[in-house]
1. Under 6 Å between Cβ atoms, which residue pairs at least 6 apart in sequence (or on different chains) link something in segment 137-165 that is open to solvent by 30 Å² or more (accessible area, probe 1.4 Å) with a partner that is among the charged types (D, E, K, R)?
2. For residues that are under 11 Å from Thr128 (Cβ atoms) and open to solvent by 20 Å² or more (accessible area, probe 1.4 Å), scanning just segment 81-100, find the one that is nearest to the chain's Cα centre (by Cα).
3. Among the numbered conditions (1) open to solvent by 40 Å² or more (accessible area, probe 1.4 Å); (2) basic (Lys, Arg); (3) not in a helix (DSSP H, G or I), tell me where Arg131 comes up short.
4. Which pairs turn up if I take residues in segment 177-188 that are within 12 Å of Leu47 (Cβ to Cβ) and look for partners that are open to solvent by 50 Å² or more (accessible area, probe 1.4 Å) and among the basic types (Lys, Arg) with beta carbon separation below 9 Å, at least 6 apart in sequence or on another chain?
5. Could you tell me how many of the residues in segment 73-87 are over 19 Å from Thr153 (Cβ atoms), at pLDDT 90 or above and not in a loop (DSSP other than H, G, I, E, B)?
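The values are calculated or read from the model by the stated rules, or taken from the named source; none is laboratory data. What you see is a predicted model, and the numbers here were worked out from it, not measured in a lab. Cβ sites come from the backbone with ideal geometry, for glycine too, and all protein chains shown count toward neighbours. Calculation scope for accessible area: heavy atoms of the full protein, side chains included, ligands and nucleic acids excluded. Shrake-Rupley method; radii C 1.70, N 1.55, O 1.52, S 1.80 Å.
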Amino acid sequence: MPQIPTSLPARSRGFTLIELMVTIAVAAILIAIAVPSFKTLTVSNALTTTANDMVGALNLARMEAIKLNATTQFCGNTTTSNGSDTLGTACGTSSGAVVMLQNGAATTVRDATMGIQNQVRLATAGITALRFGGQGLGYKATDTSKSPYSSNTLADICSTMISSDNHRTVSIAAGSIFTVSTSTGACP
């Protein structure tokens, strides 16, 4: 009867130094390719999240106005765009906050929690403050005629950390339809 070897030959017990070095070199190349792509993905997601947060706050302001038949305001980032009346004063410079006027007093519906910081910034002068009446149509906070705000940019958010698709523009059409578009351009 033939004898079965109880131990393996020395050659098949592990990796050679050359095999290990080739594996490390391939891993290093893959990491060098993946890291910049991951950074681009992360910054792009931060831009999209900030734009979606803004649209969410705008929709909240609009829905609260309709639901309670009260005047609400999506706050801009300057006291000039917010106005000087009760709602405008309640906004101050809390961009992205939503305040509501009920029984002559301003109530905060949503605190300002926009992600405009570090890698994401405003490309334009600011965020336009919008007010919504009981019918849900948005108008500029300082517009006394209350004509629906349409086909206008509310905010342009950008990042210098990526070179393409580095802008998210939040716009309104027909006083109640919000859109976010992506573009490429210089970010101040």
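1. So the pair list comes out as Tyr149/Lys140.
2. From segment 81-100, those under 11 Å from Thr128 (Cβ atoms) are 81-82, 95; that's our starting set.
Cutting the leftovers down to open to solvent by 20 Å² or more (accessible area, probe 1.4 Å) gives us 81, 95.
Values: Ser81: 21, Ser95: 13 Å.
Filtering first and then ranking leaves Ser95.
3. Condition (1) is where Arg131 drops out.
4. Pairs found: Cys187/Arg121.
5. 2
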